[in-house]
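Only the coordinates and a few stated rules stand behind these numbers; no lab work does. Note that the structure is a prediction, hence the values are computed from the model and not measured. Cβ placement follows ideal geometry from the backbone for every residue including glycine, while neighbour counts extend to all protein chains displayed.
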Amino acid sequence: MDAVKWSADLSVGVDAIDNQHKQLFAVIGELQAAIAKGRGQKQMHLILEKLIAYTETHFAAEEAYMREIGFPEVDNHAIEHVQLVLKVRRFQDRLRRERITMPVMQFLNYWLKNHIMASDLEYGRFAANRPDPAAAQDEPLTSPAGSSL
Ligand SMILES: [Fe+2]
């Protein structure tokens, strides 16, 4: 199975977040290589730990960005993040009893790619279409229609 890589169609339009996504694919690729080489549980556990630490940092950054731009779906999006971290923790638990196999990898690859395409690109589009806040500040302050200030 080829490692899933980041590609330009996955860009959310924010370099820092795109770089974090690339890094996530890299860690998943590392896990995949470790499975392919039949690495021991201890090493797999460490890579999963790295994946969890990395996703938590990345998700926090992404959620902060969504709040900053006023993205209305931020809470639902954050739930998807929590669910993934729980799922990876469950993999880690399973790893104590059995070998992690390709289906786990397929899930991670699939999840990441689909989460980016279905959910992350949504806030990317939202950010691209929102009025430029800098431009809005230049506009003269007017009272909303029908209200008196
Ligand atoms: Fe996300």
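Report the net charge of residues surrounding V82, where surrounding means a beta-carbon distance below 15 angstrom and charges are Lys +1, Arg +1, Asp -1, Glu -1. Provide the component values of the computation, followed by the final result.
Working: positive: K87, R89, R90; negative: E56, E62, E63, E73, D75, E80.
So the environment of V82 carries a net charge of -3.
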| query | According to a simple spin-label model (label point 7 Å from Cα along Cα-to-Cβ), what is the distance in nm between R130 and E98? | reply | 4.4
| In Hz, Karplus ³J(HN,Hα) per residue of the stretch 45-54 (6.51, -1.76, 1.60; θ = phi - 60°; x = Gly, Pro) | 4, 5, 5, 5, 4, 5, 4, 5, 4, 5
| Can you give me the relative contact order of the chain as a percent, contacts being Cα pairs under 8 Å and 6 or more apart? | 32
| query | Taking a quarter of the surface of the convex hull around the Cα atoms of the chain, what do you get in nm²? | reply | 10.8
| said: Please list, in order, the residues from the stretch 72-102 whose amide nitrogen is less than 18 Å from a point placed 7 Å along the Cα→Cβ vector of A36. | reply: 100-102
| remark: Given Cβ charges of +1 for Lys and Arg and -1 for Asp and Glu, the option among H115, A61, L84 whose Cα lies farthest towards the positive end of the dipole of the chain is L84
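If you stretched the chain out fully between K50 and V85, how much longer would it get, using 0.36 nm times the residue separation minus the C-alpha to C-alpha distance? Present the calculation step by step, with values, prior to reporting the outcome.
Values: separation 35, 0.36 × 35 = 12.60 nm, distance 1.17 nm.
Fully extending the segment from K50 to V85 adds 11.4 nm.
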